[in-house]
Amino acid sequence: MTIISPTMSHPQAENQGSEPAPTSPPMRVAIIGAGRGGMALLDMLHQISRIQIVGITDQNPSAPGLTRAQELHVPVYDRVTDLITHQGLNLVIDVTGDPAMGSVLREEVPAGADVVNGQTARLLWLLVQHESTLQTQLLHAEKLAGIGSFAAGIAHDMNNPLQLILGLAENLTDEMDLEAVHLQAHDIIEAVKRTTAICRDLTSYSRRASLRQDCLIGVSGKLDEALKIARYAVALQDIEIRKLYQPDVVVKGNPDELLHVFVNLITNAVQAMDHHGTLTLEANAMADATQIRVSDTGSGIPPELLGRIFEPFFTTKPPGKGTGLGLYNIKNVIHHMNGTIGVDSQIGRGSTFTLTFPGERNTQS
Ligand SMILES: Nc1ncnc2c1ncn2[C@@H]1O[C@H](COP(=O)(O)OP(=O)(O)O)[C@@H](O)[C@H]1O
Ligand SMILES: [Mg+2]
């Protein structure tokens, strides 16, 4: 059984998703202004299945929202008039802040369509910004909550080199042979390096996702990094790990956020397998899309729950094991990257989560 996350325009998703099934035709919206405000609105409204963005326009042909519209396959119009006379339009959102646009809209927007502009459009823009800040905070809070469960894994990984250091240091106290002293000192240095590597991985994972611009991310490297982090949350000893990576697969996005996505998917997969099974990580670049798959041979997800797993706070795990925010945050990150997430699951056989992104040229910047 397959389902794509609820906010995507996929027929099954609408039947099973958390949003109520649409009873009326989608609201048809036009956006005027493709600067930061227009682009943020586009990003947000595009995720809502009951809204159809019929087009966007801006007098500046290099406005960032126009490029984003092309990526999202939203029509870009050269002339405001052509856009606002679009058949069956329900709403025109003008984020240009240009008073002259007000009179154009008053004259040309067909009867039956509403206009949002001026302070109301500004309010909308502030709400969109607020929502985006909340999503970032939620992502970070959920990551920190997850790190709480790393304690046992970290203690185990730190204890081994520390015990080694203790033994070597005890030997050194009465070692007279200078060559042996040097060798043991060398072993101590290596053991300390191992513990600092653990600390470095974890501190870089726990920091807030950097606000740097999206960049091309090497997928196989990120999946391997995620495996290293996930080891602290879940025991991987008895799990067979298969890596089916095509070389040089890249996606565009925020590397910290993508790492968090992979850690969450791997953690879920291993938790579903209850200590034994096969975890398969795949990265494939196709002609027009890139796909990443995380599959497990675990419990599977009952069909009646499939439509709920992307809801915030939906969890079947006991308190302390799950927050129910993992897949909700993953879905937001993936949509922000213009990608989609789908799941295919069979009870008792396992689940596959598939991330699909628009194709990127396979050269990392
Ligand atoms: N790989 C998987 N196999 C089986 N069930 C899963 C898998 N991934 C997610 N789920 C189900 O989806 C629910 C929500 O997952 P998630 O949002 O990550 O929250 P959490 O892991 O904190 O419960 C889980 O509680 C579980 O029931
Ligand atoms: Mg989870």
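Any read-out appearing in this document is the output of simple, stated calculations on the displayed coordinates, not a laboratory observation. Since this is a predicted model, take the numbers as computed values, not measurements. We place every Cβ from the backbone using ideal geometry, glycine too, and count neighbours over all the protein chains shown.
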Checklist entry - In percent, what relative contact order does the chain have, based on Cα pairs under 8 Å that are 6 or more apart in sequence? => result 16
Checklist entry - For the chain, what does -39500 (n - 2.57) per DSSP helix run (n ≥ 4), summed and divided by total residues, give at 222 nm, in deg cm²/dmol to the nearest 500? => result -15500 deg cm²/dmol
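Kindly rank 158-168, 175-185 from highest to lowest mean number of other beta carbons found within 10 Å of each residue.
Values: 158-168: 14.6, 175-185: 11.5.
Result, highest mean Cβ count within 10 Å first: 158-168, 175-185.
Nearest 5 is fine: what % of DSSP beta bridges in the chain come out antiparallel, could you say?
Expressed as a percentage, antiparallel bridges in the chain total about 55.
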Checklist outcome for this item: In degrees, nearest 10, the alpha-carbon axis of helix 99-108 is tilted away from the dominant principal axis of the alpha carbons of the chain by 60
Checklist entry - Given the C-alpha centroids of the range 294-365 and the range 55-122, what is the distance between them in whole angstrom? => result 35
Checklist entry - Can you list the HN-Hα couplings for the range 321-332, worked out from phi with the Karplus curve (6.51, -1.76, 1.60; θ = phi - 60°), rounded to whole Hz and with x for Gly and Pro? => result 9, x, 9, x, 9, x, 5, 4, 5, 4, 4, 5
Checklist entry - In percent, how large is the relative contact order of the range 215-358, given Cα pairs closer than 8 Å and 6 or more residues apart? => result 24
Item to check | In Hz, Karplus ³J(HN,Hα) per residue of the range 67-74 (6.51, -1.76, 1.60; θ = phi - 60°; x = Gly, Pro) | outcome: 5, 4, 4, 5, 4, 8, 6, 9
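Could you tell me the convex hull volume per residue, in Å³, taken over the Cα atoms of the range 38-148? Present the calculation step by step, with values, prior to reporting the outcome.
Details: hull volume 13.3 nm³, N = 111.
Given the Cα convex hull of the range 38-148, per-residue volume reads 120 Å³.
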Item to check | Signed unit charges on C-beta, dipole axis of the chain, positive-most listed residue VAL95, PRO110, VAL76 | outcome: PRO110
Next on the checklist: Below 19 Å, Cα to Cα, which lysines can LYS243 reach? Residues fewer than 8 away in the same chain don't count.
Outcome noted: LYS222, LYS228
Checklist entry - Summing Lys, Arg as +1 and Asp, Glu as -1, what charge do residues with Cβ under 13 Å from the Cβ of LEU305 carry, LEU305 excluded? => result 0
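Let me check I've understood the local charge: for GLU282, count other residues with C-beta under 15 angstrom from its C-beta, Lys and Arg +1, Asp and Glu -1. What total comes out?
Working: positive: LYS222, ARG242, LYS243, ARG293; negative: ASP224, GLU240, ASP248, ASP296, ASP344.
Every neighbour counted, the sum reads -1.
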Item to check | Cross-link reach list, lysines versus LYS317, counting only Cα pairs under 21 Å and skipping chain neighbours closer than eight places | outcome: LYS143, LYS331
Checklist outcome for this item: Residues whose built amide H sits under 5 Å from the amide H of ILE48, excluding neighbours closer than 5 in sequence, are none
Next on the checklist: Order 222-229, 142-149, 202-209 from most to least packed using the mean count of other Cβ atoms within 10 Å.
Outcome noted: 222-229, 142-149, 202-209
Item to check | Residue-count net charge about VAL333 - beta-carbon cut-off 13 Å; Lys, Arg +1, Asp, Glu -1 | outcome: -1
Checklist entry - Just how far, in whole angstrom, is the range 220-273 from the range 137-162 if you go by their alpha carbon centroids? => result 16
Checklist entry - Tell me, what is the percent relative contact order of the range 150-206, built from C-alpha pairs under 8 Å that lie six or more residues apart? => result 45
